[in-house]
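Here is the structure we will look at, set down as structure tokens.
What follows is calculated from the coordinates using simple rules that are stated; it is not laboratory data. Because the structure is predicted, anything quoted here is derived from the model rather than measured. Every residue, glycine among them, receives a Cβ derived from its backbone with ideal geometry; neighbour counts consider all protein chains shown.
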Amino acid sequence: MFNYPWILVAGMPEEASGGYGKTIQSVESALEVVDVIRRKERAGVTEIANELDRSKSTVHHHVATLTKHDYLDKVDGEYQLSLRFLTLGGQVREREQLYHLGKDDVEKLAQETGEQARLIVDRNGFGITLYQATGDRVTEPITHVGSIEELYCTAAGKVFLAELSDAELDSYLSETSYTPYTEETITDSDELREELEEIRDRGVAFDDEERYEGYRCVAAAISTEAREPFGALSVSAPVERMGEERFRTDVPNQLQNVAGVVEINTTYSEWTDIL
């Protein structure tokens, strides 16, 4: 479950491990280049080469090829992802049942709270924003559609971790390197385990400035009829607008009510698909 296919290691042998079979080194290198540009938003050949510890000539060949095929745009001597990725991402998102079932409820949450609401899925051990909406209080969202975040330091991520079996959680924790994004980020496995137990009891998860300094987030799981995790809903806001009562009581209640509606819609959709 927790494999990391897009985190590629420089010098990885052509015969890759992890059950993927034989891979092509040049394709892996090109994907590394794309991922560096994604993280940095825009980067030049020298910066990419230094980041990957590759020669500038090798990186130049990759960016030239990707640009030729419209996957990269060159702007002022640097490279950024092109709209081709939006085309691909939009096509992928359309096939996700949760997107169609939950997007209207995300809009509703954003309108009711005035804050940023998101619909998030777990893919390969990371939380990915499938859809988001902003209320009238939000001027600049902290994430975007397609944002990738670690599970251990986000409310939605902890919702997913809380649903894992003991064996799955042990596997995740053994493979995870904790990055302290803020002073509040949990970087201890035992502390994280304790919090996951609390999440299982109360049904909601909290991120108290653990991923983004100055921001609080609350998340609730969306489950299938078999009580398997299907996705998560979250609401984020700056600390000054997310006081203790709103953070611990008001928003969690709103989230659980909406998540329950999405679960009902999911169950109905599965039932009608059988007919």
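Brief remarks on what is shown
- Taking all Cα-Cα distances within the chain, those exceeding 23 Å account for 59%.
- A cut-off of 5 Å between modelled amide H atoms, ignoring neighbours fewer than 5 places along the same chain, links Tyr215 with Glu209, Val239.
- DSSP loop trypsin sites (Lys or Arg not before Pro) with at most 10 other Cβ within 10 Å: longest gap in the chain: 96-226
- Amide H within-cut-off set for Phe230, under 5 Å, with H built and near neighbours excluded: Ile222, Ser223, Thr224
- Three-way shape label, the range 25-82, alpha-carbon gyration tensor, a/c 1.5: rounded
- Distance between modelled label sites at Val27 and Gln80, nm, 7 Å Cα→Cβ extension: 2.9
- The length gained on full extension between Lys68 and Ser55, counted as 0.36 nm times the residue separation minus their Cα-Cα distance, comes to 2.7 nm.
- Two-site FRET efficiency, Lys40 against Glu183, from Cβ-Cβ distance with R₀ of 30 Å, rounded to 0.05: 0.75
- Positive end of the dipole of the range 89-274 (Cβ unit charges, origin at the Cα centre): among Ser174, Leu161, Pro252, the Cα lying farthest that way belongs to Pro252.
- Virtual spin-label span in nm between His144 and Gln111, 7 Å along Cα→Cβ: 2.6
- With R₀ set to 30 Å, the beta-carbon distance separating Asn124 from Asn257 gives a calculated FRET efficiency near 0.50.
- Cα gyration tensor category, rounded, prolate or oblate, for the range 145-242 with a/c compared to 1.5: oblate
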